[in-house]
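Below is one structure, written out as structure tokens, with a few remarks after it.
Just so it is clear, none of the values below were taken in a lab; they were calculated from the coordinates. Bear in mind the structure is a predicted one, so any value in this text is a computation, not a measurement. Every residue, glycine as well, gets a Cβ built from its backbone with ideal geometry; the counts of neighbours run over all protein chains shown.
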Protein chains: 2
Amino acid sequence: MASAELLTSLYGDQHRLCPTPNSQHSLVLSREREIDLFELERLCDAVGWSRRPLRRVRKALQHSLLRVGLWRHDPRMPKLVGFARCTGDGVVEATVWDVAVHPLYQGAGLGKQLMVYVLDQLRSMEVDRVSLFADPEVVAFYIAQGWELEPLQRRCAFWYSP
Amino acid sequence: MASAELLTSLYGDQHRLCPTPNSQHSLVLSREREIDLFELERLCDAVGWSRRPLRRVRKALQHSLLRVGLWRHDPRMPKLVGFARCTGDGVVEATVWDVAVHPLYQGAGLGKQLMVYVLDQLRSMEVDRVSLFADPEVVAFYIAQGWELEPLQRRCAFWYSP
């Protein structure tokens with residue numbers, strides 16, 4: 001078990017240890033530890049997302065309201081196994097994007113702990129309302145965590161740059 | 001008819017004159033002219049939105065990616081008659097919020113021109129994708145302008161701060 005001092009030095013003051021059924025490794029949520037773009041790309045590959053140019057990903061992360069990594073703890077080289085980020089004004093609105101947990105780490109409740117952490121961070125900013133766009137296969141996942149589907153019969157609409 | 005110099009001094013380089021059937025007054029879109037919070041509150045009252053604390057609205061505007069006003073031109077005191085804003089990272093994602101046109105100015109195609117202006121500004125930033133949440137009564141409005149409703153069967157979900 002890593003010491004609290006070591007974890008704080010690696011993952012920042014706001015880090016949170018994730019309880020998992022597998023006690024072989026520690027998993028840590030952090031909004032402070034910097035995300036390596038190549039590691040993030042490998043994670044996105046593993047969950048089957050299409051690639052984006054790294055310089056655009058870098059800028060998108062820089063301009064996000066919140067970036068959260070889920071790390072498999074290793075004192076020398078923590079491994080990124082989950083991710084989520086938010087855009088928004090940080091007051092009235094925040095929107096969650098790019099929620100991913102590596103397939104090898106799915107099924108252990110880590111996605112839920114990642115979302116709880118994200119909402120706790122947004123709550124500490126006193127954001128009024130958080131929104132997201134749920135793919136069909138994860139709608140039930142979000143509803144089970146207290147998200148309201150299409151309140152007031154709102155529908156989501158997208159416009160894609162030509 | 002106001003001179004281009006006067007319009008630029010009042011509304012900035014990026015302003016756009018709106019063609020309207022009523023030639024009595026000029027209507028101008030601007031992302032640069034500063035929005036007065038009290039005027040914005042009166043506009044939101046006119047369209048029937050619930051009020052928010054002004055200090056939070058100020059902060060939300062400051063942290064928005066884009067703020068657009070629709071102004072009835074007056075050389076001394078332009079009047080705010082429409083509004084929209086976006087949050088986002090300005091690269092991959094942008095989300096449109098708080099689209100409003102004063103009831104006295106509705107029905108003249110101004111909402112559409114406001115949205116075209118917003119998308120043109122986002123396109124100039126090279127944003128990949130723009131999203132919004134449409135109330136039932138404006139879903140057809142957005143579809144008519146090329147927005148795609150719930151692509152890939154995505155559903156919107158909201159979480160409200162307790």
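The lysines whose alpha-carbon is closer than 27 Å to the alpha-carbon of A:K79, local same-chain residues fewer than 8 away aside, are A:K59, A:K112.
Of the peptides A:59-65, A:82-88, the ranking by mean beta-carbon count within 10 Å, highest at the top, reads A:82-88, A:59-65. With the convex hull drawn around the C-alpha atoms of chain A, the volume per residue stands at 134 Å³. Residues considered: A:R52, A:R72, A:R16. Largest GNM mean-square fluctuation over chain A, using C-alpha springs under 10 Å, is found at A:R52. Averaged over peptide A:58-70, the number of partner chain Cβ atoms lying within 10 Å of each residue's Cβ comes to 3. Peptide A:125-134 shows a mean partner chain C-beta count of 5 within 10 Å per residue C-beta. Using a cutoff of 8 angstrom between alpha carbon atoms and counting only pairs six or more residues apart, the relative contact order for chain B works out to 17 percent. Kindly express, to the nearest 10 degrees and within the range 0 to 90, the angle between helix B:110-124's C-alpha long axis and the longest C-alpha principal axis of chain B. Helix B:110-124 and the main axis of chain B meet at about 70 degrees. Annotation for A:K112, label-to-label distances across the other copies: 4.9 nm (shortest first, one decimal, point 7 Å from Cα along Cα→Cβ).
Sorting the segments B:37-47, B:113-123 by their mean number of nearby beta carbons within 10 angstrom, highest to lowest, gives B:113-123, B:37-47. Calculate the length of the line joining the C-alpha centroid of region B:97-123 to that of region A:86-137, in whole Å. Here the two parts' Cα centres lie 30 Å apart. Compute the Cα gyration tensor for the protein assembly as shown, then decide on rounded, prolate or oblate, letting a ≥ b ≥ c be the square roots of its eigenvalues: rounded whenever a/c is under 1.5, prolate when a/b is larger than b/c in the other cases, and oblate in all that remain. Because a/c hits 1.5 or more and a/b exceeds b/c, the protein assembly as shown counts as prolate. Taking chain B as a whole, the Cys residues whose C-beta sits 4.7 Å or farther from every other Cys C-beta are B:C18, B:C44, B:C86.
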